[in-house]
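Only one structure is covered here, and it is reproduced in the block below.
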Amino acid sequence: MTSAPTIETDRLVLRPHEAADLDAFWAFYQSDRSKYMDAPGSPSQLWTGLLAEVGSWEFFGWGGLAIETKDGQLAGQVCISQPPHFPELELGWIVFSGFEGASYAFEAASAMRDYAFEILEVSTLVSYIDRKNLRSIALAERMGAVHDPDARTYDPMDLVYRHAPDSSGPGLEAYA
C-alpha cells in the first residue's frame, strides 16, 4: 500500500486530488468534452468515482492524480486504474477545456506511464479509447502505444491501445 505520489514534469505537477477539484470535474462531465466517457449522472456519483480513484492508492498502489500547471491551474486528470469491469490495468486521461493543444495530456500521460513501469513495476498497461475519440487515439499513438485488436475490453465501442515502457517521454523530475 502506498499514498498517492506527487510527480513533477517540466510544466506540470501531477498531485493527489483535493476536495476543491470536484467542481471542475463536474463541469467537465457536463460538457461535450466527456461525450466518449461514462459520465457520472449526479454529483454523488462523481464524488464516489473520484474518491475511488483517491482511495485506490491506499488499496492497490495506483489511482488518479490531478494535472496542475506549474502556475496552479487545474488542467485535468491522469489515472492508472482497474475497476472490476476493466480486464487490464488502464492508463487514462482527462483534459479540461482550455488546456487542449498544449501537449499537457502527452506530458502528464507519459509521466504516469513511466511512473507505472519504473516505480510501480507493472508488467502491462492499456488505454481503453472509444473508437470515435480521434484525439485520444492520436495521443496514445504519439506516446508509442499500439492498437491491440486481440485485447479484451469491457465496451465494444472501445479500442485497446497497449503501452510499453519508454524512456523517451518528457522525463520525471521528482517523485514524492
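Using a 1.4 Å probe on the protein heavy atoms, what percent of the accessible area of segment 59-176 belongs to carbon and sulfur? On segment 59-176, the fraction of accessible area on carbon and sulfur atoms equals 52 percent. Across segment 64-81, rounded Karplus estimates of 3J(HN,Hα) from the backbone phi angles (6.51 cos²θ - 1.76 cosθ + 1.60, θ = phi - 60°) give x, 10, 6, 9, 10, 6, 5, 8, x, 8, 6, 10, x, 8, 10, 8, 10, 8 Hz, Gly and Pro being marked x.
Peptide packing for 75-81, 114-120, 130-136 was compared via the average number of neighbouring C-beta atoms within 10 Å per residue; ordered from the highest value, the list is 75-81, 114-120, 130-136. Sequence-distant contacts, meaning Cα pairs under 8 Å at least 6 residues apart, place the relative contact order of segment 53-98 at 28 percent.
For residue 61, the residues whose modelled amide H falls within less than 5 Å of its own, excluding neighbours fewer than 5 places apart on the same chain, are 2.
The values are calculated or read from the model by the stated rules, or taken from the named source; none is laboratory data. Keep in mind it's a predicted model, so treat the numbers as computed, not measured. Ideal geometry is used to build each Cβ from the backbone, glycine not excepted, and the neighbour counts take in all protein chains shown. Note: areas computed on protein heavy atoms with side chains; ligands, DNA, RNA excluded. Shrake-Rupley method; radii C 1.70, N 1.55, O 1.52, S 1.80 Å.
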